[in-house]
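Step one of this worksheet: look at the structure below.
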Amino acid sequence: QDRCGCVLMMLCDGVCVQAQKLLRERLCHQKLPDQPVGLDSQYKHLLELLRRTAVHGESNSVLIVGPRGSGKTMVRIHEHHFNAAPVAGLLQTDDKIALKEITRQLHLENVVGDKVFGSFAENLAFLLEALKKGDKSSSRPVLFVLDEFDLFAHHKNQTLLYNLLDVSQSAQTPVAVLGLTCRLDVLELLEKRVKSRFSHRQIHLFSSLSFAQYLDVVRAQLSLPPDFPDPKFSDEWNHSVTKLCEDKTVEEILRRNFNGSKDFRSLHSLLFLAVSRVSVSHSTLREADLIEAWRLISVDSKANVLHGLSILELCLIIAMKHLNDTYDGEPFNFQMVHNEFKKFIQRKSHSIHKFEKPVVMKAFEHLLQLELVRPVDSGVCKVQREYQLMRLMLEHGQVMEALQKYPQCPTDVKQWALSAFG
Amino acid sequence: MSHQKSFQYADLLSVLERVVDIMSAPDQYSYPSVFIYGHRATGKSHVVLSIMKDLELPHASVDCVECVSSGLLFHQVLSAFFGPDAAALLPRCPSLSDFVRLYKQMSSNSPATQTRYIILDRAERMRDMDFSLLPALLRLQELVNDNVTVILLSEIVWEKFRPNTGCFEPLLFHFPDYSKGKSLVQILSWDHHPSYTPELYASYINILLGVFFSVCRDLRELRHLAVLNFSKFCEPLEKGEAKESDIHKLWKNIEPHLQRAMQTVYLREVSSVQWEQQQMDEKEATTLRVLSAHAHIELPYYSKFLLIAAYLASFNPARTDRRFFLKSHGKIRKTNFLKKHEKTSNHLLGPKPFPLDRLMAIFYSVVDSRVAPTASIFSQISSLVTLQLLSQVGHDDQLDSPKYKCSVSLDFILAISRCVCVCVRLLDLLALSLVIQSQVVRQERSLFTAVSNLHLL
């Protein structure tokens, strides 16, 4: 019987690991789903455009606009139908680098191995000539995918954009130029000559999911597929997932996440934190895991930082808060903060020792290093350090909340913070 | 060392459990980027590197302070994962595009069997590098199509890192700070000297924390102070004046010493070598020569008066000059303007610029003998500017009416006035200027006591 138990544990272990592997790949590796969720009409529109280029040889240019995490990268699935040249604005930060990358991807003749020969002007001339030589009927259509399109608009003279869009307007090799961006105002960034060559076709990926559809997606993301090797385990798992999604607290958490942002990336980070707790000893997903994951995600990081400050630094922050309240958010300098602190020490405090000014200055500089206080004009240092104007980067509410949680906070400090006029 | 490690793990148990969970399946994918933040000396780099070593995971640890250019970072990462030959394939000034392409090539030759980790310490420096470096590294897993995770360690919260148009959000973890009672005392007690009992050292640490804990919680600073001052603490024991159980006597001996340490060694006004030498010196009366003590700056006689005149010019408004510096004057009325702006006195706002003529006028009324306006007087003003006791406001090429500002504090001026045995009238001028401008009652009173002390000289 003991051996049976061991064997079961081993089986459970292996199966658990496989389940983890699958879920991690889905949540971390951002494996693209086969069909985009909630974006059917936009997807159809895009497919139609690409089809027109691939089949009928029409040159097209289109811009896909959508917030981060809304599924713009899914366009990559269709690259295999074309001679694709994907370029990314993040990586190719310059037109020269971008052009070399395009030449490499299209395997033009001036590429040997990995090295691209020639200067920028020569490469550009070569590319344009290569594209000019083809025509609608005989050559394979080319797809240019420009990720982070707005970053390309910051390059000098927008040369690359101008040339690509120019090619898409003239009767040469059928070319599709696809731009992906997260900025709604991207057209304002384009120069006049570039904008006129663009077809002004934009596809907006605004998610129209309702909360019920969102819950369905959650369930789908967490469930194991039917072709999982151990059907008994996968049935149990899927059953527990369904029950979990119907639980009230879990629904509350998912609703709060949904109200924050509808995109799937934040959902994935929440689910990943919960799924990473699954192990051999604890082989189903429980609601405590999700609650814990939500708590980790929704914590205020500045409050955590305030928790670890010394008493002197905390008193300086309270002094700054009082200055903000009295003078309505106008910038202050170290002398004023030190003044307020001295008033507190002399009138109201019993427990705080009277510290020398250099010691207080060192504490103030620590707050500067933590970037809880920032100078108003960050470059200019013409003024002495004590008189440089600063602003507090914390809100009234954050300071009060941090005080409640501060370990062993002396009562006179708390009273001072709560008093209205310092 | 291992017991130290295990203790620290116990303290940060819940955070560590999370981090280890994420790294516990090395042959599977992990989240593309993780951001760990916490105060200094809370053990972030130590813990992460220890986990890497214990679990024997392939990792590249880079300190962003060392990487003045992004090429250095790429070089270190590639040589850690694929060997120095791979790093040598990088071109002279590698761009991010070159790095990603080379990484893809290398990882297709030797794919990752376990998750590769890139650990970036002091990641706040990355904000000053290439603007696209941080967003690209956060999604490196997707860009190179390999099982790699980037861990960022920093003191500053994530909200300050986020680029304008957004980026891939990493998982955030907070490393908690040490609590006084349980963790800090225990960790500091590990340094105890072998010839004394651990209980004695623990009581010493408690005394030290009693003085310094409300000012500073940085573990490194506290350790430094503990090590420096322990020999002084044990002095009565060595001399035989007290036993180990006479905590009160030992406290009385060490407490003034620690207060002095707060004003010198803690502020780095003296070096630790100087501090230790001073402890060995039996004569306690020798005051330490601290870095910013102005008492030993030797200025020429007239320079001192020039500096005092500059201070008066900076901090008194021009309309009060008549009252202070002329023999006969009328009463000055507090105008509406003065009443409205009473709240923010000059002493809080900083010194105001003044033209050279005003400085010379005040100088002539302050100095006690007849002085001719020779070049030696004017060159002393330029020397004061070079010493950064005065600062010049406005352009260098304004030759006819240059403007200056006084950049020293009141304490310095009082120290100088003491040196020149300045007459009573000057002290009154200083005191009066403060009465009219400052709104802090206590500040005047303490200054009056200081001024009256000077009268006794």
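Taken together, the values in this text are just the output of simple stated rules run on the coordinates, not laboratory data. All values derive from a computational prediction rather than experimental measurement. Quick reminder, even Gly has a Cβ in these numbers, built from the backbone with ideal geometry, and neighbours come from all protein chains shown.
Brief remarks follow.
- Paramagnetic label reach from A:Ser199 (point 7 Å along Cα→Cβ; backbone nitrogen cut-off under 16 Å): within the stretch A:154-174, residues A:164-174.
- For the stretch A:47-136, the convex hull spanned by the alpha carbon atoms encloses 123 Å³ per residue.
- q = 0.11, 0.16, 0.18, 0.23 Å⁻¹: log10 I(q)/I(0) that the Debye formula gives for the stretch A:299-422, counting C-alpha atoms only: -0.34, -0.74, -0.96, -1.62
- Where the Cα pairs of the stretch A:320-365 fall when distances are cut into 5 Å bins, in %: 5, 20, 29, 24, 16, 6, 0
- Cβ-based net charge around A:Asn324, under 14 Å, with every Lys or Arg adding one and every Asp or Glu removing one: -2
- Entry for chain A at q = 0.06 Å⁻¹: log10 I(q)/I(0) = -0.45, Debye formula applied to identical alpha-carbon scatterers, no solvent contribution.
- Residues considered: A:Gln42, A:Gln346, A:Gln18. Largest GNM mean-square fluctuation over chain A, using C-alpha springs under 10 Å, is found at A:Gln346.
- With θ taken as phi - 60° and the Karplus curve 6.51 cos²θ - 1.76 cosθ + 1.60 applied, the whole-hertz 3J(HN,Hα) list for the stretch A:53-58 is 5, 5, 8, 8, x, 8 Hz, x standing for glycine and proline.
- The mean number of partner chain beta-carbon atoms within 10 angstrom of a residue's beta-carbon across peptide A:265-272 is 2.
- Debye-formula intensities of the protein assembly as shown, expressed as log10 I(q)/I(0) at q = 0.10 Å⁻¹, are -1.22 (one equal scatterer per alpha-carbon, no solvent).
- FRET efficiency for A:Leu184 and B:Asp130, using Cβ-Cβ distance with R0 set to 22 Å, rounded to 0.05: 0.30
- Considering only B:Leu16, B:His174, A:His29, the residue lying farthest towards the positive end of the dipole of the protein assembly as shown is B:His174, judged by Cα position with unit charges set on Cβ.
- Over the stretch B:376-423: Rg over Rh, Cα atoms, Kirkwood Rh: 1.05
- Chain lengthening between A:Arg140 and A:Gln415 when straightened (0.36 nm per residue, less Cα-Cα): 91.4 nm
- Rounded to the nearest 20 debye, the dipole magnitude of the stretch A:141-262 is 620 debye, with +1 charges on Lys and Arg beta carbons, -1 on Asp and Glu beta carbons, and the Cα centre as origin.
- Each Lys and Arg contributes +1 and each Asp and Glu -1, all at the Cβ; summed about the Cα centre of chain A, the dipole is approximately 620 debye.
- Partner shielding of B:23-35 amounts to 4, given as the average count of beta-carbon atoms from other chains within 10 Å of each residue beta-carbon.
- Stokes-Einstein D in µm²/s, Kirkwood radius over Cα pairs - the stretch B:30-137 at 4 °C with 1.567 mPa s viscosity: 87
- Set of aspartates and glutamates near A:Lys133 by C-alpha distance (under 19 Å), chain-local residues within fewer than 8 positions excluded: A:Glu58, A:Glu109, A:Glu122, A:Asp166
- In the stretch A:91-175, the trypsin sites (Lys or Arg not before Pro) that fall in loop regions by DSSP, at most 16 other Cβ within 10 Å: A:Lys136
- Estimated distance in nm for a label pair at B:Arg322 and B:Ala372, the labels positioned 7 Å out from Cα along Cα-to-Cβ: 3.3
- Between B:Thr165 and A:Gln169, the modelled label-to-label distance comes to 2.3 nm, taking each label 7 Å out from Cα in the direction of the beta carbon.
- Residue-averaged 222 nm ellipticity for the protein assembly as shown, from DSSP H runs of 4+ at -39500 (n - 2.57), nearest 500: -16000 deg cm²/dmol
- Packing-based order for B:22-34, A:231-243, A:139-151, using average beta carbon neighbours within 10 Å, highest first: A:139-151, B:22-34, A:231-243
- Straight Cα distances below 13 angstrom link A:Lys156 to the aspartates and glutamates A:Asp94, A:Asp95, A:Glu191, with same-chain residues fewer than 8 positions distant left out.
- Which listed pairs, of A:Lys72/B:Lys104; A:Lys354/B:Lys249; A:Lys414/B:Lys249; A:Lys100/B:Lys160, have C-alpha distances above 27 Å, in listed order: A:Lys414/B:Lys249; A:Lys100/B:Lys160
- In this label model, A:Arg68 and A:Lys192 are separated by 3.5 nm, measuring between points 7 Å along each Cα→Cβ vector.
- Dipole magnitude (debye, nearest 20) for the protein assembly as shown, charges at Cβ of Lys, Arg, Asp, Glu: 3080
- Considering only A:Met393, A:Ala84, A:Val217, the residue lying farthest towards the positive end of the dipole of chain A is A:Met393, judged by Cα position with unit charges set on Cβ.
- Eigen-decomposition of the gyration tensor built on the alpha-carbon atoms of the stretch B:60-102 gives equivalent ellipsoid semi-axes of 15, 13, 8 angstrom, largest listed first.
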